[in-house]
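This report concerns only the one structure given below.
The values are calculated or read from the model by the stated rules, or taken from the named source; none is laboratory data. Only a predicted model underlies this, so the values are computations on that prediction, with no experimental measurement involved. As a convention, Cβ positions derive from the backbone with ideal geometry for all residues, glycine included, and neighbour counts pool all protein chains shown. To get the accessible areas, we keep the full protein, side chains included, count just its heavy atoms, and leave off ligands, DNA and RNA. Shrake-Rupley method; radii C 1.70, N 1.55, O 1.52, S 1.80 Å.
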Amino acid sequence: MFTLKKSNKKGFSLIEVVIAASIISIALFSMMSASTKGIQLSNRALRQTQANLLLEEGAESVKAIRDAAWTNISGLTAGTNYYLTYNTGTNTWSLGTTPTSAIDSIFTRTIVISAVNRDASDDITLSGGTLDARTKKVTVTVSWALSDGTTSSKVLSFYISDIFN
C-alpha cells in the first residue's frame, strides 16, 4: 500500500524573500554607483589629456609663429590675452586678441606674452635687471567647465628667444 511521507522541506518564507531582494538591490545599487563614478573619472582623465595636448599644440604654434618672424612675437603687447587661429589657406598660425570659439565647444586657450629681464650674470630674473628684447616668457592656459559648474585649467609656461639673429 501507499503511504504518504510528510516532506520536511519548506518553501521560502516572506522574510527570506525580502532579505534576499534587499541584498540583491544593495549589490546592484553599489555596482551602478561604482560604474557611474568610474565614468566620471574616465571623463575627467579624458579632459585633462585633451587639455595637455592643447597646451602642447599652443606651445608648438607659438614657436612656429616665432620661426616665421621674431617681430610676430616681439610686437605683441605684454600681459594681453591672445588667441590662436590657423589659416588653412596659408597653413600658418597667428595670434590675435579676438577670442576664438571654444575648441570642441569645451576648451578655451589663451596665450600671454611677458617681458624678460636678466641680471648682471645674464640669468633671467623676476625683478630688476635689464630688459632682454630677444627673449619672451610665454604662458599658455587651457580652461574648461566641469560638470559641477566649476572651471578647471592647466597652465604651461616657457621661454622663447630670437634664435635666428
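Data overview
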quantity	calculated
Answer residue from region 97-114, given it is more than 17 Å from the chain's Cα centre (by Cα) and at pLDDT 95 or above and is farthest from residue 136 (Cα to Cα) among those	97
Failed item in (1) open to solvent by less than 70 Å² (accessible area, probe 1.4 Å); (2) assigned to a helix (DSSP H, G or I); (3) modelled with pLDDT of 95 or more, with residue 34 passing the rest	(3)
Residue list for region 123-141, restricted to those being of a type in the set (Val, Ile, Thr) and either open to solvent by less than 50 Å² (accessible area, probe 1.4 Å) or touching a Leu at 6+ places or on another chain (Cβ under 8 Å) (or both)	125, 135, 138, 139, 140, 141
Single match in 115, 120 (criterion: free of Cβ contacts under 8 Å to residues at least 40 places away in the same chain and either open to solvent by 70 Å² or more (accessible area, probe 1.4 Å) or part of a loop (DSSP other than H, G, I, E, B) (or both))	120
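Every residue, every condition in (1) open to solvent by 50 Å² or more (accessible area, probe 1.4 Å); (2) in a strand (DSSP E or B); (3) without any contact (Cβ under 8 Å) to a residue 12 or more places away in the chain; (4) on the phi > 0 side of the Ramachandran plot, yes or no:
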| residue | (1), (2), (3), (4) |
| --- | --- |
| 59 | no, no, no, no |
| 94 | yes, yes, no, no |
| 99 | yes, no, no, no |
| 105 | yes, no, yes, yes |
| 109 | no, yes, no, no |
| 143 | no, yes, no, no |
| 147 | yes, no, no, no |
| 159 | yes, yes, no, no |
